[in-house]
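Structure first, commentary second.
The values are calculated or read from the model by the stated rules, or taken from the named source; none is laboratory data. Every value quoted in this text rests on a predicted model; they were computed, and no experiment measured them. For neighbour counting, all protein chains shown are included, and Cβ atoms are generated from backbone atoms with ideal geometry for every residue, glycine included. When the accessible area is computed, the model is the full protein with side chains, heavy atoms only, and any ligands, DNA or RNA have been set aside. Shrake-Rupley method; radii C 1.70, N 1.55, O 1.52, S 1.80 Å.
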Amino acid sequence: MVSFAMAAIASAGLGGWFLRSFLPTPIALSEPIPLPEAVQLERPLPRPILDGRDPLLVTLPTKTPPSPPPASGSTKTIAPPPALNPVPPSQGPAPQVRVAIARDQSQLVVGTAVATAVTDDQQQVRTQLAPSQGVVVAARDGFLLWNGQPLAPSLWIRPSNQLTFVGGKWYRGVVRLIAQGNSVTAVNQVDLEQYLVSVVGSEVYPDWPMETLKAQAIAARSYALAQMFQPASPFFDLGNDERWQVYRGIETEWNTTQAAVQATRGIVLTKSGRVVVSMYAATDDIVRDVFGGRGMSQTGAYELGKRGYNHLQILGTYYPGAGLSQLQLQ
């Protein structure tokens with residue numbers, strides 16, 4: 001059961017947190033990389049589109065800032081953005097979110113860095129994954145084929161180090177493979193807070209102001225939780241691309257995005273006792289044209305962060321009338 005310490009949430013409860021190919025030679029997997037530090041960059045803004053690109057890993061030339069205009073006899077006072085009331089981060093466990101990381105694929109390469117048993121829905125061991133060796137998984141008539149052999153309609157991969165390789169990327173948590181006719185769907189069941197470390201690093205640049213990253217973390221957490229209340233499918237809560245919010249596993253985790261998520265752990269936007277479906281996009285123009293002006297402009301949030309405003313003021317600017325609540329599991 002999900003509840004909020006700062007507001008009563010009148011929403012449906014979260015339910016239980018729950019596809020012929022031959023492999024002549026083992027497939028070598030790329031090694032999972034440690035959490036990198038954010039590279040300090042200076043680059044032009046705004047981003048042209050919300051496309052979930054990886055953070056740039058090049059150093060751009062440093063520009064000389066323009067000289068300030070001469071002082072005039074009168075100065076115009078600009079009111080600061082409205083701020084939401086602060087809420088302390090949660091200290092409790094986080095719910096598990098189910099993210100479709102591959103859908104309707106003819107086949108997928110999967111693997112783990114450690115020896116791992118592969119189980120069916122009844123937790124019976126059906127096969128094994130050898131360390132750092134990929135296996136091609138396909139589907140036929142609603143059954144998953146493992147090296148060409150039908151095993152089960154659904155299989156679970158739960159490595160002891162919580163890292164699974166699927167379709168070229170490494171993901172934390174548990175991976176479920178599902179046969180849907182002759183196609184394969186892969187669902188990553190992962191701690192919501194771990195998921196957000198990657199989402200923030202996929203949606204904005206990791207060297208943006210920390211207060212902007214915090215605002216993005218809260219907006220992304222709120223959006224994900226709203227989707228968990230109304231799942232996209234019986235098998236998953238939301239997808240991993242721009243249709244939902246971009247999620248690329250550990251390759252877009254950064255020390256800065258981890259810090260932003262940790263500092264806002266369990267904090268969500270609420271309004272009238274419900275979680276806000278916190279839409280956001282790259283620019284004010286996209287927010288206006290696509291969401292009718294309701295949502296956060298990421299480049300606008302960047303500019304506010306650069307000017308020294310905190311995440312409470314950034315969120316107050318883009319989600320007027322909302323408040324902050326603390327997510328708790330009971």
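Summary of values
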{"read-out": "The range 77-169: trypsin sites (Lys or Arg not before Pro) falling in loop per DSSP and having at most 14 other Cβ within 10 Å", "value": "none"}
{"read-out": "Electrostatic dipole magnitude of the range 222-303 [Cβ: Lys, Arg +1; Asp, Glu -1; Cα centre; debye, to 20]", "value": "400"}
{"read-out": "Full-stretch length increase - residue 328, residue 242 - with 0.36 nm per residue and alpha-carbon distance subtracted", "value": "28.2 nm"}
{"read-out": "Probe 1.4 Å, accessible area per residue of the range 167-210, Å²", "value": "21"}
{"read-out": "Distance in nm between pseudo-label sites at residue 128 and residue 141 (7 Å out along the Cβ direction from Cα)", "value": "3.0"}
{"read-out": "Summed side-chain charge close to residue 227 - residues other than residue 227 whose Cβ falls under 13 Å, Lys, Arg +1, Asp, Glu -1", "value": "+2"}
